[in-house]
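None of the figures in this text is laboratory data; all of them are computed from the coordinates on show. Everything quoted here is computed from the prediction, not taken from an experiment. Please note: Cβ atoms are built from the backbone with ideal geometry, for glycine as well, and neighbour counts cover all protein chains shown.
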Amino acid sequence: MMTLTLEGDLHVVVTRRFAASPETVYRAHTEAALIRPWMLGPDGWTMTICEPAAAPGDKIHFAWSDGHGNGFSLTGESLVMEPFHRLVHVERMHLPAPTPDNHVETNFAPDGTGTLMTMRMTLPDAATRQAMLATGMEHGMEASYVRLETVL
Amino acid sequence: MASGLSTTFAALSDPTRRAILSRLASGEATVMELAQPFSMSQPAISRHLKVLEQAGLILRRIDGSKRPCRLAPAAIAETEQWLAQLRRILEANYSRLDLLLAATPSKEPS
């Protein structure tokens, strides 16, 4: 159902079909009340800060916690918001040192009665991937899953 | 294992060492080649390489008077690990999103 492929040396392309209209899926990626229930990573984690962009140029700020003192955050800036079919933003994770900027473009296309989402992101450099894996493993991989999830 | 990971993380905490690893991701290099972009002495680079070698992130071989460095296999396999983790986390998130979408009545165009 989901595909995840490397494009060249620098990009990761993810596709996923959803049984809802592009408008509904777009809103689930842009409205705080709709983001909070799903953009979580492993069970037990919660979003402690959920401030998506409302318009191009706005800042993005997300943070997660496992309730046991483990947490991390993501900041970014929205570049393009074209309701209800295209989003472009840059983001970085704070591990706590910031990772290099990740450029993410997400498209929402009608697909029958549903939506085909295509997300194209920049692959973190080799050292960043290592750091993400290494820090994650120190917390039994869970924190890493959540960190990786923030590539969204 | 925990101490090994701490060593890895300590090795990765330095921006110069992270830049060295990124450079080695595109292929083997000598100390001289690595020192060039950093305006740093070769002994200083060698100290960084020693930390990376002890953390198991790079391997060095002997080639006459040179000791070229390359990424250790574990550091290369990390791309696949990273993609596998990314896939797992996205699948978990999107499964939750499926449930949310199923519970959200679609807005009819007015």
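Quick look at the values:
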read-out	value
Loop trypsin sites (Lys or Arg not before Pro), the range B:8-99, which have at most 12 other Cβ atoms in a 10 Å radius of their Cβ (DSSP)	B:R61
Segment B:R96-B:T30, length gained on full extension (0.36 nm per residue, minus Cα span)	18.9 nm
Residues A:V14, A:V88, sorted so that the one with the fewest Cβ neighbours within 10 Å comes first	A:V88, A:V14
Cα-centre dipole for the range B:21-61 with unit charges at Cβ (Lys and Arg positive, Asp and Glu negative), debye to 20	100
Label-point separation, B:E53 to A:D101 (7 Å along Cα→Cβ), nm	3.7
Label point distance in nm, A:T5-B:A19, each placed 7 Å from Cα along Cα→Cβ	3.6
